[in-house]
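Take a look at the structure below.
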Amino acid sequence: MGLNKTDISTTILSITATLVLWEVLTVVFNVPGFILPPPSAIFIEGVTRYHLYLYHSWITFYEMVAGFVLAAVVGVLLAVVIVYSRILRNMLYPQIVVLQIVPKVAIAPLLLIWAGYGITSKVLLALLVSFFPIVVNMVTGLVAIEEELLDLCRILQSGRWQEFSKVRLPNALPYLFSSLKVASTLSVIGAVIGEFVGGSEGLGHLIIIANTELRTSMSFVSLFSLSILGFLLYGFVLLAERLCMPWERWQSAAA
Amino acid sequence: MQTSATRAQGDRGAIEVTSLSKVYASQHGQIKALSDVSFAIADAEFVTIVGHSGCGKSTLLKIIAGLLPSSSGLVKVRGRSVTAPLSDVGMVFQRPVLLKWRTIFANVMLPIEMLRLPRKESAERALDLLKLAGLSEFRHQYPAQLSGGMQQRAAICRALVHDPSLLLMDEPFGALDLMTREEMNFELLRIWSERRKTTLLVTHSISEAVFLADRVIVMTPRPGMVADIVEVNLPRPRMPETKLDPRFSACVQAIGRKIGLLYI
């Protein structure tokens, strides 16, 4: 994925155009601020009360990152267990799928009862929303090995650990990272759902307050902050992917 | 061309296969892949197995490597019967199956790591092999940066790095285009003449089989049986001109008739 200057300037230009159009339309049609504030009003709201947004962004970011990291750890461990133990696979996989089918929004109130109104319930929700794709992809990556390679491992008397650490695990990395990208965006959703359902902190909480007070520009600043947080986490994952898999550049060039 | 299906087994100690059979169980009953296969290969000999696809060539190779159990019969490598995967074997497959996250050098070093052999001297051997295969300047590159032929050469280096006594190759050039394939034949013979490993190579190209081998084992399809073992009396080193030798074409035709192809 090579970005050149034209690509970047095209993106920036289109965003600017959208913002200008938005500003002009709200003025021309005289749209009331509580329905759709112009970008300038949103910008002013964000700048004048930046400490408020910074504080709540930090809370939400903490929740989603903690949930995401836990999801990665839990997801990878579950995948390894599922691949290596038939009994545990039969016990766990169906339950994981059932858990995934239940809408997480519906579980949120329960989690609040169990884990309280603090940060823990939000972290758990972010974990719950984002771990499933990690398990599924990681399982695929650990299993999708050319048969010849497994034969080679047997000839080389590799044993289970070497086969895992030298072949299966690195083979699963591309699968893992593509699922981590998905999970990073899901974890934002998890954290915000948790804040919606109950609590006194975080950007989700700010959005609820803004809505009840009809302070729409406050809603918008929170929304933008949320997307920035999601983008940040996604960027970290991309960066980690580049660092962990330097060979992938050539892989995609060859494909 | 003299044939020698039955020849004294005394000097053929590297690989001995005696009345080997393999039956697979499938949904439609039992499938006989190999039936009463017997042959012996001497130390430092280059033998090729040729036959239609589905004649059990790959199965045979896997059984010799200890990767598959046989249904009946006996396989001995250097006098010991094979019951488990053999580390004394270097294996090359149709696809290079290099680890895409390792550089060429690290790929060649994989057997050393897995077999826990001394790293330092082995690294020297790996470098020597890469030099021999004309890959030394590419050793820090990833497989995806190399052509298919170069990847397969790296796979051959990987098969030889732990200095096995046996080199087993399962249609190693089957996935390459014709020009690369011819080139690889010369490369392989060059490496083989330097290292002198007992080599057993499976192919479905008769001319490749004849060009490379001291002897060619001709197999019939379903079930795989040894139709004939043909001695190739061509001088080494084999050159591009070797293929113009009337003895070469005579040999190719003789094998072709055995397999059931029509040759004028």
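The values are calculated or read from the model by the stated rules, or taken from the named source; none is laboratory data. Values in this document were obtained by computation on a predicted structure and should not be read as measured data. Every residue, glycine among them, receives a Cβ derived from its backbone with ideal geometry; neighbour counts consider all protein chains shown. In case anyone asks, the SASA skips ligands and DNA or RNA and just uses the protein heavy atoms, side chains included. Shrake-Rupley method; radii C 1.70, N 1.55, O 1.52, S 1.80 Å.
Just for segment A:172-193: of the residues that are among the hydrophobic types (A, V, I, L, M, F, W, C) and closer than 14 Å to residue A:79 by Cβ, which one is surrounded by the fewest Cβ atoms within 10 Å (Cβ to Cβ)?
Within segment A:172-193, the first condition is being among the hydrophobic types (A, V, I, L, M, F, W, C), and the residues that meet it are A:172-173, A:176-177, A:180, A:182-183, A:186, A:188-189, A:191-193.
Adding the requirement that they be closer than 14 Å to residue A:79 by Cβ leaves A:172-173, A:176-177, A:180, A:183.
Values: A:172: 25, A:173: 17, A:176: 24, A:177: 19, A:180: 26, A:183: 28.
Top of the filtered list is A:173.
Quick grid of which residues meet (1) open to solvent by 20 Å² or more (accessible area, probe 1.4 Å); (2) within 13 Å of chain A (Cβ to nearest Cβ); (3) out of contact with any helix residue (DSSP H, G or I) (no Cβ under 6 Å at 6 or more places or on another chain):
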{"position": "B:133", "(1), (2), (3)": "no, no, no"}
{"position": "B:137", "(1), (2), (3)": "yes, no, yes"}
{"position": "B:143", "(1), (2), (3)": "no, yes, no"}
{"position": "B:149", "(1), (2), (3)": "no, no, no"}
{"position": "B:158", "(1), (2), (3)": "no, yes, no"}
{"position": "B:169", "(1), (2), (3)": "no, yes, yes"}
{"position": "B:173", "(1), (2), (3)": "no, no, no"}
{"position": "B:180", "(1), (2), (3)": "yes, no, no"}
{"position": "B:190", "(1), (2), (3)": "yes, no, yes"}
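Quick check on segment A:63-72. Is at least one of its residues farther than 30 Å from residue A:168 by Cα and touching a residue at least 40 places away in the same chain (Cβ under 8 Å)? So that I can check it myself, show each step before the final result.
The initial filter retains those residues of segment A:63-72 that are farther than 30 Å from residue A:168 by Cα, namely A:63.
Then drop every residue that is not touching a residue at least 40 places away in the same chain (Cβ under 8 Å), which leaves A:63.
Checking segment A:63-72: at least one residue is farther than 30 Å from residue A:168 by Cα and touching a residue at least 40 places away in the same chain (Cβ under 8 Å).
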- [ ] Search segment B:26-39 for residues that are within 13 Å of residue B:57 (Cβ to Cβ) and pair each with any residue that is part of a strand (DSSP E or B) and open to solvent by 50 Å² or more (accessible area, probe 1.4 Å) when their beta-carbon atoms are under 6 Å apart and the residues are at least 6 apart or on different chains.
- [x] B:33/B:24
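Here's the yes/no breakdown for (1) over 31 Å from the mean Cα position of the chain (by Cα); (2) at pLDDT 95 or above; (3) facing chain B (nearest Cβ under 9 Å):
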position	(1), (2), (3)
A:111	no, no, no
A:115	no, no, no
A:119	no, no, no
A:129	no, no, no
A:138	no, yes, no
A:148	yes, no, yes
A:157	yes, no, yes
A:160	yes, no, no
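For segment A:68-104, enumerate the residues that are of a type in the set (Ser, Thr, Tyr) and outside any helix (DSSP H, G or I). Quick ask: steps written out before the conclusion?
To start, the set of residues in segment A:68-104 that are of a type in the set (Ser, Thr, Tyr) comprises A:84-85, A:93.
Within segment A:68-104, A:85 is the sole residue that qualifies.
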- [ ] Read through the list (1) more than 11 Å from chain A (Cβ to nearest Cβ); (2) within 24 Å of residue A:168 (Cα to Cα); (3) at pLDDT below 90, then give the number of the only condition that residue B:53 fails.
- [x] (2)
Task: Among (1) open to solvent by 30 Å² or more (accessible area, probe 1.4 Å); (2) touching a Leu at 6+ places or on another chain (Cβ under 8 Å); (3) away from chain A (no Cβ under 14 Å), the one test that residue B:62 misses - done: (3)
- [ ] Kindly indicate whether any position in segment A:204-216 is of a type outside the set (Asp, Glu) and within 16 Å of the chain's Cα centre (by Cα).
- [x] yes
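Would you say residue A:144 is open to solvent by less than 40 Å² (accessible area, probe 1.4 Å) and either within 14 Å of chain B (Cβ to nearest Cβ) or under 26 Å from the mean Cα position of the chain (by Cα) (or both)? Write out each step before concluding.
Working: open to solvent by less than 40 Å² (accessible area, probe 1.4 Å): no; either within 14 Å of chain B (Cβ to nearest Cβ) or under 26 Å from the mean Cα position of the chain (by Cα) (or both): yes.
When the stated conditions are applied, residue A:144 does not pass them.
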Task: Scope segment B:98-127; condition open to solvent by less than 40 Å² (accessible area, probe 1.4 Å), in contact with a Lys or Arg (Cβ under 6 Å, 6 or more places away or on another chain) and either away from chain A (no Cβ under 14 Å) or more than 15 Å from residue A:156 (Cα to Cα) (or both); matching residues - done: B:104
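Only one of A:20, A:65, A:27 is in a helix (DSSP H, G or I), among the aliphatic types (A, V, I, L, M) and under 26 Å from residue A:138 (Cβ atoms). Can you tell me which?
Numbers: A:20 fails: under 26 Å from residue A:138 (Cβ atoms); A:27 fails: under 26 Å from residue A:138 (Cβ atoms).
Going through A:20, A:65, A:27 in turn, the sole match is A:65.
Please find, among A:103, A:94, A:32, A:39, the residue that is open to solvent by less than 50 Å² (accessible area, probe 1.4 Å) and free of Cβ contacts under 8 Å to residues at least 24 places away in the same chain. Reasoning before the result, please.
On the way: A:103 fails: open to solvent by less than 50 Å² (accessible area, probe 1.4 Å); A:94 fails: open to solvent by less than 50 Å² (accessible area, probe 1.4 Å); A:32 fails: open to solvent by less than 50 Å² (accessible area, probe 1.4 Å).
Result: A:39 is the single residue among A:103, A:94, A:32, A:39 that is open to solvent by less than 50 Å² (accessible area, probe 1.4 Å) and free of Cβ contacts under 8 Å to residues at least 24 places away in the same chain.
Please go through segment B:65-75 and pick out each residue that is under 19 Å from residue B:170 (Cα atoms), touching a Ser or Thr at 6+ places or on another chain (Cβ under 9 Å) and surrounded by 13 or more Cβ atoms within 10 Å (Cβ to Cβ). Break it down stepwise before answering.
Taking segment B:65-75 first, the residues under 19 Å from residue B:170 (Cα atoms) are B:65-70, B:75.
Checking which are touching a Ser or Thr at 6+ places or on another chain (Cβ under 9 Å) leaves us with B:66, B:68-70, B:75.
If the condition is that a residue be under 19 Å from residue B:170 (Cα atoms), touching a Ser or Thr at 6+ places or on another chain (Cβ under 9 Å) and surrounded by 13 or more Cβ atoms within 10 Å (Cβ to Cβ), then B:66, B:68, B:70, B:75 are the ones that fit.
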Task: Of residues in segment B:72-97 being more than 14 Å from chain A (Cβ to nearest Cβ) and hydrophobic (A, V, I, L, M, F, W, C), the one farthest from residue B:45 (Cα to Cα) - done: B:74
- [ ] Select, from A:241, A:195, the only residue that is closer than 17 Å to residue A:65 by Cβ, part of a helix (DSSP H, G or I) and within 13 Å of another protein chain (Cβ to nearest Cβ).
- [x] A:241
Task: Within segment B:79-96, tally of residues that are touching a residue at least 40 places away in the same chain (Cβ under 8 Å), surrounded by fewer than 22 Cβ atoms within 10 Å (Cβ to Cβ) and under 17 Å from the mean Cα position of the chain (by Cα) - done: 4
- [ ] Return only the number of the condition from (1) closer than 28 Å to residue A:43 by Cα; (2) surrounded by fewer than 19 Cβ atoms within 10 Å (Cβ to Cβ); (3) touching an Asp or Glu at 6+ places or on another chain (Cβ under 9 Å) that residue A:211 does not satisfy.
- [x] (3)
